[in-house]
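Asker: One structure follows; several queries about it will come next.
The values are calculated or read from the model by the stated rules, or taken from the named source; none is laboratory data. Please read all numbers here as calculations on a predicted model, not as lab measurements. All Cβ positions, even for glycine, are placed from backbone atoms using ideal geometry, and neighbour counts span all protein chains on display. The area values use the complete protein model at the heavy-atom level, side chains included, leaving out ligands, DNA and RNA. Shrake-Rupley method; radii C 1.70, N 1.55, O 1.52, S 1.80 Å.
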Amino acid sequence: MTDRKYLEVLTPANSQIIFIDQQPQMAFGVQSIDRQVLKNNVVGLAKAAKAFGIPATITTVETGSFSGHTYPELLAVFPEHPLLERSSMNSWDDQNVRDALARNAAQGRKKIVVSGLWTEVCNTTFALSALHDTDYEIYMVADASGGTSLDAHNYAMDRMVQAGVVPVTWQQVLLEWQRDWARRETYDAVMDIVREHSGAYGMGVDYAYTMVHKAAERVQHGETVGPNPAKV
């Protein structure tokens, strides 16, 4: 019988998010997903969390000696956030990380959305440890995380799912938080995120806004010249 907690959808009230080691040296080793796509998805997910007021924890490992600084595009979304530096590959081993998550969980936010590098190391050890020690629920954002090979990523996801982790994708999380297009307070922010980060879906939104609903283009540009057929 399915545990009823897995039947609950993500909401802005029951969720928090953690970004684990979204740093360049970690990204250099990623082979399971195109790295530019990975960063796009991470930043899109971060903007979604910001739009819905989801508390975010950002944690880093060995910044100065190995991993490098967190993506500036991610930090720009949360310019005031502290960065919780660690030495352990497992974020759960750091008390500052535990305390940050616990403060949010105390507000009823026990569904922890996870985006991190690498899937098979930092994500897996964190997820298994948190599940073992608490009643938190882990939602692993597969396309905002990356492993050192496709096998490494996929088998790590399989292992976590066997332990009770819920696999999701970043756009799924965004739309689950929105849930109803009648929620106008977040509608425009969601559409902005979609247009910038959701590829063909975002292109379609731009097309519908301008060609169907006759909205103005999102950017100003020079005058349109032509057509002016050349003489044959």
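Asker: If you rank Leu174, Leu75, Leu7 by how much accessible surface each has, with a 1.4 Å probe, what is the order from largest down? Mind dumping the intermediate values first?
Answerer: Values: Leu174 0, Leu75 50, Leu7 105 Å².
Reading off the accessible areas and sorting them downward yields Leu7, Leu75, Leu174.
Asker: What is the calculated FRET efficiency for Ser129 to Val37, with r their C-beta to C-beta distance and R₀ = 35 Å, to the nearest 0.05?
Answerer: It comes to 0.80.
Asker: Once ligands and nucleic acids are excluded and a 1.4 Å probe is used, how much of Met203 is accessible, expressed in Å² to the nearest 10?
Answerer: About 140 Å², ignoring ligands and nucleic acids.
Asker: Suppose all protein chains stay in the model; what accessible area per residue would a 1.4 Å probe give for the chain, in Å²? Intermediate results must be reported in sequence, preceding the final value.
Answerer: Values: 12240 Å² over 232 residues.
Per-residue accessible area for the chain comes out at 53 Å².
Asker: In nm, give the distance between the simple-model label positions of Arg179 and Val161, each being 7 Å from the Cα along the Cα-to-Cβ direction.
Answerer: Computed distance between label sites Arg179 and Val161 equals 2.6 nm.
Asker: About the Cα centre of the range 82-232, how large is the charge dipole given +1 on each Lys and Arg Cβ and -1 on each Asp and Glu Cβ? Please answer in debye to the nearest 20. Intermediate results must be reported in sequence, preceding the final value.
Answerer: On the way: 14 positive and 20 negative charges, 84 e Å.
My answer is approximately 400 debye.
Asker: A follow-up question, please. What order do Trp118, Trp181, Trp92 take when sorted by accessible area (1.4 Å probe), most exposed first? If you can, show how the numbers build up before the last one.
Answerer: Working: Trp118 65, Trp181 110, Trp92 10 Å².
From most exposed to least exposed: Trp181, Trp118, Trp92.
Asker: For the pair Ala106 and Thr224, how long in nm is the line joining their label points, each one 7 Å along Cα→Cβ?
Answerer: 5.8
Asker: Can you find, among Ala216, Leu45, Gly204, the residue farthest towards the positive end of the dipole of the chain? Put +1 on the C-beta of Lys and Arg, -1 on that of Asp and Glu.
Answerer: The residue sitting most towards the positive pole is Ala216.
Asker: Now for a separate question. Can you tell me the order of 31-42, 161-172, 140-151 when each peptide is scored by its average per-residue count of other Cβ atoms within 10 angstrom, highest first? Let's see the in-between values first.
Answerer: Numbers: 31-42: 18.2, 161-172: 16.2, 140-151: 22.0.
So the order, starting with the most tightly packed, is 140-151, 31-42, 161-172.
Asker: So for the range 167-232, what are the equivalent ellipsoid semi-axes in whole Å, largest first, each being the square root of 5 times an eigenvalue of the Cα gyration tensor? Walk me through the intermediate numbers first.
Answerer: On the way: eigenvalues 227, 41, 18 Å².
Taking √(5λ) for each Cα gyration eigenvalue gives 34, 14, 10 Å.
Asker: With all protein chains present, how much of the accessible area of the chain (probe radius 1.4 Å) comes from carbon and sulfur, to the nearest whole percent? Before the final figure, lay out each step's value.
Answerer: Numbers: 6600 of 12240 Å².
The C+S portion of the solvent-accessible surface of the chain is 54 percent.
Asker: Residues with beta-carbon under 14 Å from that of Ser88, excluding Ser88: net charge, scoring Lys, Arg +1 and Asp, Glu -1?
Answerer: Values: positive: Arg86, Arg98; negative: Asp21, Glu62, Glu85, Asp93, Asp94.
Computed value for this residue: -3.
Asker: Taking square-rooted eigenvalues a ≥ b ≥ c of the alpha carbon gyration tensor, is the range 26-81 rounded, prolate or oblate, where a/c under 1.5 means rounded and, failing that, a/b exceeding b/c means prolate? Mind dumping the intermediate values first?
Answerer: Working: a/c = 2.46, a/b = 1.29, b/c = 1.91.
Oblate, since a/c reaches 1.5 and b/c is not below a/b.
Asker: Something else now. Once fully extended, how much extra length lies between Asp3 and Gln25, figured as 0.36 nm per residue of separation less the alpha-carbon to alpha-carbon distance?
Answerer: Between Asp3 and Gln25, full extension yields an extra 4.1 nm.
Asker: On to the next question. Where does the Debye-calculated log10 I(q)/I(0) of the chain sit at q = 0.11 Å⁻¹, using only Cα point scatterers of equal weight, no solvent?
Answerer: -0.58
Asker: Sticking with this one: Mind ranking His197, His81, His69 by accessible surface for me, highest first, 1.4 Å probe? Spell out each step's value before the answer.
Answerer: Values: His197 20, His81 65, His69 140 Å².
So, going from the largest accessible area down, we get His69, His81, His197.
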